[in-house]
Each structure stands twice: as C-alpha cells, then as structure tokens.
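The values are calculated or read from the model by the stated rules, or taken from the named source; none is laboratory data. Note that the structure is a prediction, hence the values are computed from the model and not measured. All Cβ positions, glycine included, derive from the backbone under ideal geometry; neighbour counts span all protein chains shown. These area figures cover heavy atoms from the full protein model, side chains too; ligands, DNA and RNA do not enter into them. Shrake-Rupley method; radii C 1.70, N 1.55, O 1.52, S 1.80 Å.
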Amino acid sequence: MTASHDSLRQRLLVPLLALGVFSIINTEMGVVGMVPLISEYFGVSIPAAGWSVTIFALVITVAGPVMPLMFSRFNRKYVLMLVLALFVICCSIAALTTNFAVLLSSRALAALFHPVYVGLAFTLAANSVLPAERPKAIARIFIGVSAGMVLGVPASSYIANDLSYSAAMFFFAATNGLVLLLTIVIVPSMPVTHGQSYGTQLKALKRSVVWLAIGATIFTNGSTFGFFSYFADFMETLGHFDAAQVSLALCLYGGANIVGNVVAGRHLATRPKLAITLTPWLVGAIILTLYGTIAQIFTAMVVIAVFGIINGMIGNNRQYLLGKAAHDAPDLANGLFLSSANCGTAIGTALCGIFIGAWGIAASVLGALIMVAFAAAVNVMTLKVLAARERPAPDLAQAMA
C-alpha cells in the first residue's frame, strides 16, 4: 500500500467518523417525529410509543461510562464495524417486527452500543491530529451529532409519512450499512498495542475535578435542552408562531447549531478557558432575551439563530472540559460526557416540565435559569481545580528563599 494511499485514508478518517456519528444519532433521534405513527402501527398509546425515544436516552445514560471503557482495548476498526453491524441488525428488526416489545428491545440494544461508537469517534478524531488541532477535529465530529439531530427528525418523518414506518427504519439501517461498508474499505486496522487497564482508567473517578466536570455538563445540558424540549410550545403560545414559522425557526436553529460546532472548535483551540467560562452566562442571557422578544417574529428569529450557535458550542465545551479533567482516561472521559449530557437533558426536561405544570409554558425559562445558575457555579469550581492542577509546583529553593 503506497504512502499517498495511507495519507488519503488518514484524511478521510475524521469525515467518515462524522458521517458514522450522523448515522448513529439519526437512528436515535429520527423516531422523535414518528411517535404518532409508531402509536398507530403497533396499537399502543402515544405515551407508550414515546418509550421508543425514552428508552434510548435511558440506556445511554447508564451505558455511557461503562461500554466505551469495556471496548477500549480492542482493535478500533473492528469495534467500529461491530457497532455499525449491530445498528443495521437492530434497525432491520425494528422495521420487520409487529411486536412493540421487540421494537423496544431492538432500540435498547442499539442504545447500549451507541456510546461505544460516538465515544470512540471523539478519541480517534483527537488522536488523528496534533494536540493543538484536537478541538477542531472533535468539532467536526460534533457536526455529525448536530446534523443527525437536525436532519434525522424531518428526514425520517418524511419517509415514514410518505412511505411507511418500516421504510423509515430501513432508511436507518441503510445509512448505518453504508458507513459500515466505507469503514471496511477506508479505515485501517488499528490494534491497541498499549491499552490502559480498566482499573487505571477508573482511577480518574477518584479525582474531584472529574465529578465537578460531570456536574457542569449535567447542569449546562439541562439548562439548554430542558428549555428546548418545550421550545415549539413556547413559540406557539407566547410568540403566536404558526406551524410554518415554528418549522422555519427549528431549521434555523439546527443550521446555527452546526455553525456553533465550528466556532467552538476554533475558540477551544485558542482560548479554551474563556470559551468554557462564558458558556453558562451566554445560555442564561439568550434564554432571557428570547423570553423578551418571542412576540417579535423577526427579532426572535435572529435570537433563535444565536441560541443555536451557543447550543452548538456547548457540547464541544463540555466534552473538552471532561477530557481535560480525565485526561489520562480518554475512553472513560468520552463515555462520561455522553452519559452526563443525556442525564442533564432528562433532569432539565423534568424540572422545566414541573414549572410548566405549575405556572404555564413561560415558567420553562425559570427552570432553565435555575440550571444555568448551578452550571455557572460548578463551571467556576471546575476551572479553578483544573488551573491548580496544571500550575507547576514552586521551586523548593525559591520557596525557602
């Protein structure tokens, strides 16, 4: 194999991983717009059909710290192939079954291996470039995450409604199958020759800074996604958006989210502390601004675009922070990031839901701001501990002088 061919495969690795993450996230999030159809297809209630979404998030929350660690000592290429093959099988089973329990089981099995692929994609992207370029490489993986969320729901909804539920599930299987074939062809064998033991990586959990970074991720994600979970109703009720305007706003938000991934990669490569410090404050400011401007359609659209950029930056910032806190256990760090991000989404959605139930949709702002306050406080503590850990010890002779 020629050096130029090896160089080409190296250049294609990160884009391929981003495409793979897109297909994995697409499988996870695509069913969000299909819940009514799943309810009708399987003859279950809407809340029961919603478990096709919920079970995925719950399994990721539990499996996030464990599964990437378990597979961290195996050949990287074979792990990527295994996960993609399982996703193809699980999506095909979901397409063919008429039993709702089988559907949930197939979704749970796919979710179990979701953190393995996404976590490994972050690790491989970071290791494929020089240390100074790592935030930018990881930002390209986050573009796959954002694209999966932005494009997955409308694409699967369109296929499901125009063709059938089974066609949408086969669409998920096909996208994962395509990435599997490309992985076989493009990705070289990547055996782990100096893999860390599980015990060595788990030692990172003894450090308080790791738990602080987990808390920062939970609260920051909770503030944004807790609010965003009810955003469509927020726009319709307080801003009097019609259906077309809501769709336009969500598309605008999604496109801006991808822009935020790129912006975050650049800032984390040059000014990481500033980027991480500002994140919670920007979230609080933009949510308050949205509350004040939501009735003014044009202004609100501009603010929604800014919200999308900020939210796109958040994932990169949190992954970077956990990566720094658990710098000697990258596979564990990526798993912890995925787990805490999903946990934050669940907690934030529940908290905002409680406030909405008590005082109406406007109170989602209050729930989000409470999460912002905790995020800002924990963020400051995390950065202080990291700074103290990275500060060189004083010279003994100078200290005695």
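Report yes if some residue within the stretch 299-308 is over 26 Å from Ala121 (Cα atoms), open to solvent by less than 40 Å² (accessible area, probe 1.4 Å) and not in a helix (DSSP H, G or I); otherwise report no. No, because not a single residue in the stretch 299-308 is over 26 Å from Ala121 (Cα atoms), open to solvent by less than 40 Å² (accessible area, probe 1.4 Å) and not in a helix (DSSP H, G or I). Checking each residue in the stretch 221-259 for being over 19 Å from the mean Cα position of the chain (by Cα) and under 30 Å from Ala387 (Cα atoms) picks out no residue at all.
Here is a yes/no grid of residues against (1) at pLDDT 95 or above; (2) of a type in the set (Gly, Ala, Ser); (3) closer than 21 Å to Val187 by Cβ:
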{"position": "Arg76", "(1), (2), (3)": "no, no, yes"}
{"position": "Met81", "(1), (2), (3)": "yes, no, yes"}
{"position": "Phe87", "(1), (2), (3)": "yes, no, yes"}
{"position": "Ile93", "(1), (2), (3)": "yes, no, no"}
{"position": "Val102", "(1), (2), (3)": "yes, no, no"}
{"position": "Ser106", "(1), (2), (3)": "yes, yes, no"}
{"position": "Leu109", "(1), (2), (3)": "yes, no, no"}
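Within the stretch 285-297, residues that are under 14 Å from Phe228 (Cβ atoms) have Cβ atoms under 9 Å from residues that are modelled with pLDDT of 95 or more and surrounded by fewer than 16 Cβ atoms within 10 Å (Cβ to Cβ) in no pair, counting only partners at least 6 apart in sequence or on another chain.
The set of residues in the stretch 179-220 that are under 22 Å from the mean Cα position of the chain (by Cα) and open to solvent by 10 Å² or more (accessible area, probe 1.4 Å) comprises Leu180, Leu205, Trp211, Leu212, Ile214, Gly215, Ile218, Phe219.
Being aromatic (Phe, Trp, Tyr), open to solvent by 10 Å² or more (accessible area, probe 1.4 Å), closer than 23 Å to Gly260 by Cβ and at pLDDT below 95 is a property that holds for Phe142. Cβ-Cβ distances below 9 Å connect the following pairs, each with a first residue in the stretch 163-189 that is under 18 Å from Met81 (Cα atoms) and in contact (Cβ under 8 Å) with a residue 24 or more places away in the chain, a second residue that is part of a loop (DSSP other than H, G, I, E, B) and of a type outside the set (S, T, N, Q), and a separation of six or more residues or different chains: Pro188/Met1. Only one entry of Ala368, Ala397, Ala388, Ala376 meets the criterion of being closer than 15 Å to Ser229 by Cβ and either modelled with pLDDT of 90 or more or surrounded by fewer than 20 Cβ atoms within 10 Å (Cβ to Cβ) (or both), and that entry is Ala368. A single member of Leu252, Leu202 is assigned to a helix (DSSP H, G or I), among the aliphatic types (A, V, I, L, M) and either touching a residue at least 60 places away in the same chain (Cβ under 8 Å) or closer than 28 Å to Val380 by Cα (or both), and it is Leu202.
Elements of the type helices (runs of 4 or more DSSP H) sitting completely within the stretch 16-130 and holding at least 1 residues that are under 20 Å from Ser156 (Cβ atoms) and open to solvent by less than 20 Å² (accessible area, probe 1.4 Å): these cover 35-42, 46-49, 51-63, 76-96, 100-127. Could you say whether any residue in the stretch 247-256 is open to solvent by 40 Å² or more (accessible area, probe 1.4 Å) and out of contact with any helix residue (DSSP H, G or I) (no Cβ under 9 Å at 6 or more places or on another chain)? For the stretch 247-256, residues open to solvent by 40 Å² or more (accessible area, probe 1.4 Å) and out of contact with any helix residue (DSSP H, G or I) (no Cβ under 9 Å at 6 or more places or on another chain): absent.
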